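Asker: There's a structure below that I have some questions on.
The values are calculated or read from the model by the stated rules, or taken from the named source; none is laboratory data. Owing to the predicted nature of the structure, the values given are computational and were not obtained by experimental measurement. Cβ: placed from backbone, ideal geometry, glycine included. Neighbour counts: every protein chain shown. With ligands, DNA and RNA removed, areas are computed over all heavy atoms of the protein, side chains included. Shrake-Rupley method; radii C 1.70, N 1.55, O 1.52, S 1.80 Å.
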Amino acid sequence: MNAETLNCPNCGAAISSDSPRCQYCESKLATVACPSCFGMMFIGSRHCPHCGAEAAEAKAAELSILKCPRCKGDMSSVSIGGESMGECERCGGLWIEVSAFDRICADREKQSIVLGGASLAPAPQAEANGKVASVRYIPCPQCGNLMNRINFARCSGVIVDVCRGHGTWFDRDELSEVVQFIRGGGLDLARQKEKREIESQREQLRTEQRLSGPRTDMLGMPLTGEERLSGLAAARGLLKFLLE
């Protein structure tokens, strides 16, 4: 759904319906309140503009207070869709621990069986001049080490920041995009692709082994280097005889 022009309920300034904060008075305007797709919703909306699910008020969660890896400010601990996560009210980013994200993926994959179909990966984000946006690695909110940037499921087109020991950081709307990918059968599509790649690598390895392995005679006995040369010389002689 396209963003609409609305007015800030506090200062009356014109703002976009997908803006998380008013750029004039800094009031919070949108939050991740959809318990189904985790999409951003304008505060006061009754239904998610992305999937149509009924809005649910985010509840406070008992998580350690962590710093947003983007804004460096404290994140709020909230419970959305039954899962606890850290939310940055300034940039709209989400921090989800490993076990919580595993449960989200498993639950949404069950939904994909009902919905059916496989989704295509979205196009890479680009700047106005056509160049791909610059990459900036960010630290894990828990351990402080720089996280790896990973294409979720290797083919989703959604690049997330992952600390394998602690969790995943989602910039604004990235978790919603991952959920849409999973619901569209994307994980099954990724498994099929990986299976084809593994089989292709095995076939290539078998071919290389056949080409590099020892040559044998008609009885299956390995040939020595001298016997190979003799065989090649005999083959050339026969070819010359047939051509003359």
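Asker: Find out how many positive minus negative residues lie around Ala61, taking Lys and Arg as positive, Asp and Glu as negative, among other residues whose Cβ is under 10 Å from that of Ala61.
Answerer: Working: positive: Lys59; negative: Glu62, Glu83, Glu87.
Result for the local shell: -2.
Asker: Stretch Glu57-Gln192 to full length: gain in nm at 0.36 nm per residue minus the Cα-Cα span?
Answerer: On the way: separation 135, 0.36 × 135 = 48.60 nm, distance 3.78 nm.
Between Glu57 and Gln192, full extension yields 44.8 nm more.
Asker: How much accessible area per residue does the range 22-95 have, in Å², with a 1.4 Å probe? All intermediate terms of the calculation are to be shown ahead of the outcome.
Answerer: Details: 3690 Å² over 74 residues.
With all protein chains present, the range 22-95 gives 50 Å² per residue.
Asker: Under a crude label model (7 Å from the Cα following the beta-carbon direction), how far is Tyr137 from Ala106 in nanometres?
Answerer: In this crude spin-label approximation the distance works out to 3.1 nm.
Asker: Determine ³J(HN,Hα), in whole Hz, for all residues of the range 82-91 in sequence, where each value follows from phi through the Karplus function 6.51 cos²θ - 1.76 cosθ + 1.60 and θ = phi - 60°; x replaces Gly and Pro.
Answerer: x, 10, 8, 7, x, 10, 8, 6, 7, 9
Asker: Keeping the other protein chains in place, figure out the carbon and sulfur percent of the accessible area of the range 65-111, with a 1.4 Å probe. It would help to have the intermediate numbers written out before the result.
Answerer: Numbers: 1010 of 2060 Å².
That share works out to 49 percent.
Asker: Further, regarding this structure: Which links in Lys59/Lys110; Lys59/Lys193; Lys28/Lys59; Lys28/Lys72; Lys72/Lys193 stretch past 28 Å when you go from one Cα to the other?
Answerer: With Cα atoms farther than 28 Å apart: Lys59/Lys193; Lys72/Lys193.
Asker: Sort Glu177, Glu208, Glu62 from largest to smallest accessible area, using a 1.4 Å probe on the heavy atoms of the protein chains. Display every interim value, and only then the final one.
Answerer: On the way: Glu177 75, Glu208 95, Glu62 185 Å².
Greatest to least solvent exposure: Glu62, Glu208, Glu177.
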